[in-house]
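Presented below is the structure to which this report refers.
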Amino acid sequence: MKGKLLIVVLILSLAVNASAVATIGYHYWRNFYLTPSAPCPLNEGEHHPYQDLGLSPEQLAKMTALAGSFHRRLTELQGAVEARRTLLIDALGQEKIDMPRTEAIRKEIAAFQDEIQKEVITHIAESKQIMNPEQQKRFIELLRASSNHGQLNSPLSMNGGNH
């Protein structure tokens, strides 16, 4: 009886270990051996989620063009936010703070941040149109992971991220 129980426990242990090795191997392959795309030519040194999707050269060309217009618009909006923040800090530095003026500046900042969020969402939707279904799924997984880890440069962060 002990021998049969020992064999059953051994078989179960081997099955669990084999499953764990297969799962770890799959995740290793998925994260390290999917063909990465070329680095983003617009932001050397920065990493973008679409670089981990194995885009074809044709997809990459479309994504590069889309990213160019997106980055230009995002830079413009972020510049406007920074200019308003400087105005707000200057207003707050006055001996007597003009509350209506600071509120107006705050609302301008909020409006620009809202516009950044709209641009990011539009960019994600347009980017997905370039991708095949598997790449779309992986792209959303990467966005979810960056968002769940509380990264400040998440594309969906309050400041629009650095996507």
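The values are calculated or read from the model by the stated rules, or taken from the named source; none is laboratory data. Everything quoted here is computed from the prediction, not taken from an experiment. Note: ideal-geometry Cβ built from the backbone for every residue, glycine included; neighbour counts use all protein chains shown. Just the protein is used for accessible areas: all its heavy atoms, side chains included, with ligands, DNA and RNA removed. Shrake-Rupley method; radii C 1.70, N 1.55, O 1.52, S 1.80 Å.
A quick yes/no check of all residues on (1) among the hydrophobic types (A, V, I, L, M, F, W, C); (2) under 30 Å from Gln59 (Cα atoms):
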| residue | (1), (2) |
| --- | --- |
| Asp90 | no, no |
| Ile116 | yes, yes |
| Val120 | yes, yes |
| Ser127 | no, yes |
| Asn132 | no, yes |
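If Leu156 meets every condition in (1) part of a helix (DSSP H, G or I); (2) at pLDDT below 95 apart from one, which number is that one?
Tallying (1) part of a helix (DSSP H, G or I); (2) at pLDDT below 95, Leu156 fails exactly one: (1).
Collect the residues in the range 93-113 that are more than 29 Å from Arg73 (Cβ to Cβ), of a type in the set (A, V, I, L, M) and in a helix (DSSP H, G or I), keeping them in residue-number order.
Met99
Glu103 - would you say it is modelled with pLDDT of 95 or more and surrounded by 14 or more Cβ atoms within 10 Å (Cβ to Cβ)?
Criteria not met by Glu103.
Go through (1) in contact (Cβ under 8 Å) with a residue 60 or more places away in the chain; (2) among the β-branched types (Val, Ile, Thr); (3) open to solvent by 30 Å² or more (accessible area, probe 1.4 Å) one by one and return the number of the condition Val81 breaks.
Failed condition: (3).
May I ask you to list the residues in the range 116-130 that are of a type outside the set (Gly, Ala, Ser) and either touching a Pro at 6+ places or on another chain (Cβ under 8 Å) or open to solvent by less than 60 Å² (accessible area, probe 1.4 Å) (or both)?
Hits for the range 116-130 are Ile116, Gln117, Glu119, Val120, His123, Ile124, Ile130.
Results for (1) at pLDDT 95 or above; (2) surrounded by 12 or more Cβ atoms within 10 Å (Cβ to Cβ), shown as yes or no for each residue.
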residue: Met99; (1), (2): yes, no
residue: Ala111; (1), (2): yes, yes
residue: Asn132; (1), (2): no, yes
residue: Leu142; (1), (2): no, yes
residue: Gln151; (1), (2): no, yes
residue: Gly161; (1), (2): no, yes
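Taking the stated definitions as given, is Ala67 open to solvent by less than 80 Å² (accessible area, probe 1.4 Å), at pLDDT below 95 and part of a loop (DSSP other than H, G, I, E, B)?
Considered against the rule, which asks whether it is open to solvent by less than 80 Å² (accessible area, probe 1.4 Å), at pLDDT below 95 and part of a loop (DSSP other than H, G, I, E, B), Ala67 comes out as no.
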